[in-house]
Amino acid sequence: MTESSEGSDATERRSGADSQDDPTAAGGPSASTADDDSPSDGADDPPRTAGGESASGDDAPPADAEGLDELRRQVEETYDFDDFGPEDMAEMSLEEWEAVFDPGTWIVGEELLDRVEQELNARVAIREIFAVVERIRAGEDRVVAYSDEGYAIVHPDGSVEGEGTVLRDVKPTVALCSMDSYELMDAPEDASLPEPEAVVEGSGEFGNLMLQIVAAAQMVVGLGLLVAWIALPSLSTIVAPIAAIGFLVIGFFLFLVVANARLSDRFRTEEFRNRLRALEAIREDRPEFLPESAVPDEAESSSRQVDAAHDTDVGEDGESDADGASR
Amino acid sequence: MSSSGSTYGDIHRYEPARESTAAAIAIVLLTIIEVVFVFLFTYGLLSGWGLTDTGNMYLGAVLAVIFIDLAFILAMYRKEFLPDVVIVKKRRRKWEDLYIREEDADGVPFADGAWDHVKRAVYPYYKR
């Protein structure tokens, strides 16, 4: 079996998966996709196994394939995939699961990494993730995201390794990106963390000014009421000092709010700048907790230049490779 | 899932305040209203408006306007005039953390002594 026919088969399966938009197809073992594909696949290519079977099916003897079909039919009768819950999943044996699981419903391989890279960049741009994102094509294709306190490495088969908050933030992104129905966020041109010097201090100073005006008015009125209550014999009501104290408390609180905002702003910008500087420092020499596989080999690490033809070619290969590996 | 290592006080995001024009205009108007009504209330109280039925209601209404207006000023201030900061804090124990392991029954203190807690609450970068 040549690579080209393998590739076209993969494309066919992908388009079959594409046509289904409901999330259950992306989220669970897609029984119906396997169903739809099996007749056509069987007609095209009798010795090959149908639908969900992938690269590793190449060397499986036909007898096995029939057994697999049998098992698949059995599983589809036993379980209702339109209403499939964790209990059903726990009941399933590994063989049953693999028989009906269709890797074509998930995006894997180079396409997954492309999607993950774009999504991570977009999330870094909106500051949901604090990390440097890199695509390393030398050796095994992978996406690496790291900060000064953690890292995550995304492999083409969708597995993620790493530690720290970066790992926690990257994991759901990978899960989302492997789903067909998920639309990626658009990453802006300059999707990176800001320069340490570009972090502006003292934003919102206008708001502080307004708050101070309000606070000053409250203070003046509070003091005035208190003085009037003491000085004017005609004003004997208890309401005056109570209102005065109320106004003074409010004014004091508002001044405190402004002082706290300014002080914490100063500390926080400094802290954020320090963190960005730390990130810049580890960009040059990688942090020691980053494993070997996350460090690019010198020459080939120039990641961004990929011509379109190469891209599509490798895309399909990567996918079938990953399918084989996940088995 | 908790992350390993001490990341206490780390800032994940620091975006400057938005300070949109609409918000600036709104907060100026609200401030003017606030100041006017505060002085109106004081003047009314000192000149004895509260001694008649209608005047009393009027003063009460003015006081209500003062507080509601102040609430909107603070909401506007928080939303538009404070930077957007995401900061790593110590995770407080929740009900679901209780009695997982016997030695964890009291949680992990992140400061020693009450005064140290106060210092850390005021300034998170104190002795990391």
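The values are calculated or read from the model by the stated rules, or taken from the named source; none is laboratory data. Source: prediction; values computed, not measured. For neighbour counting, all protein chains shown are included, and Cβ atoms are generated from backbone atoms with ideal geometry for every residue, glycine included.
Here residue B:72 qualifies as at pLDDT 95 or above and within 18 Å of the chain's Cα centre (by Cα).
Here are B:106, B:116, B:112: which of them is loosely packed, with under 11 Cβ neighbours inside 10 Å and modelled with pLDDT of 75 or more? I'd like the intermediate steps shown before the answer.
Numbers: B:106 fails: modelled with pLDDT of 75 or more; B:116 fails: loosely packed, with under 11 Cβ neighbours inside 10 Å.
It is B:112.
Is at least one residue of segment B:47-54 touching a Leu at 6+ places or on another chain (Cβ under 6 Å), surrounded by 16 or more Cβ atoms within 10 Å (Cβ to Cβ) and assigned to a helix (DSSP H, G or I)?
Our first condition is that a residue be touching a Leu at 6+ places or on another chain (Cβ under 6 Å); within segment B:47-54, this holds for B:49-50.
Then drop every residue that is not surrounded by 16 or more Cβ atoms within 10 Å (Cβ to Cβ), which leaves B:49-50.
In the following step, the residues that additionally are assigned to a helix (DSSP H, G or I) were identified as B:49-50.
So far as segment B:47-54 goes, yes, one or more of its residues are touching a Leu at 6+ places or on another chain (Cβ under 6 Å), surrounded by 16 or more Cβ atoms within 10 Å (Cβ to Cβ) and assigned to a helix (DSSP H, G or I).
Note on segment A:216-257: among residues that are touching a residue at least 40 places away in the same chain (Cβ under 8 Å) and surrounded by fewer than 21 Cβ atoms within 10 Å (Cβ to Cβ), the one that is farthest from the other protein chains (Cβ to nearest Cβ) is A:255.
Taken over segment B:75-96, residues that are modelled with pLDDT of 90 or more and basic (Lys, Arg) amount to 2. Evaluated against (1) assigned by TED's automatic domain parsing to the domain that holds residue A:268; (2) farther than 19 Å from residue B:63 by Cα; (3) not aromatic (Phe, Trp, Tyr), residue A:248 falls short on exactly one condition, (2).
Can you confirm whether segment A:135-158 contains a residue that is facing chain B (nearest Cβ under 8 Å) and part of a helix (DSSP H, G or I)? No - not one qualifying residue is present in segment A:135-158.
Here is a check on your reading of the model: is residue A:128 touching a residue at least 60 places away in the same chain (Cβ under 8 Å) and under 15 Å from the mean Cα position of the chain (by Cα)? Give the steps one after another, and end with the answer.
Details: touching a residue at least 60 places away in the same chain (Cβ under 8 Å): no; under 15 Å from the mean Cα position of the chain (by Cα): yes.
Considered against the rule, which asks whether it is touching a residue at least 60 places away in the same chain (Cβ under 8 Å) and under 15 Å from the mean Cα position of the chain (by Cα), residue A:128 comes out as no.
For residue A:150, the conditions (1) farther than 30 Å from residue A:272 by Cα; (2) touching a residue at least 12 places away in the same chain (Cβ under 8 Å) are fulfilled apart from (1).
Residues checked against (1) out of contact with any Phe, Trp or Tyr (no Cβ under 7 Å at 6 or more places or on another chain); (2) among the hydrophobic types (A, V, I, L, M, F, W, C):
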{"position": "B:24", "(1), (2)": "no, yes"}
{"position": "B:36", "(1), (2)": "yes, yes"}
{"position": "B:41", "(1), (2)": "yes, yes"}
{"position": "B:48", "(1), (2)": "yes, no"}
{"position": "B:51", "(1), (2)": "yes, yes"}
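Screening A:194, A:172 for residues that are farther than 30 Å from residue A:252 by Cα and modelled with pLDDT of 90 or more leaves exactly one candidate, A:172.
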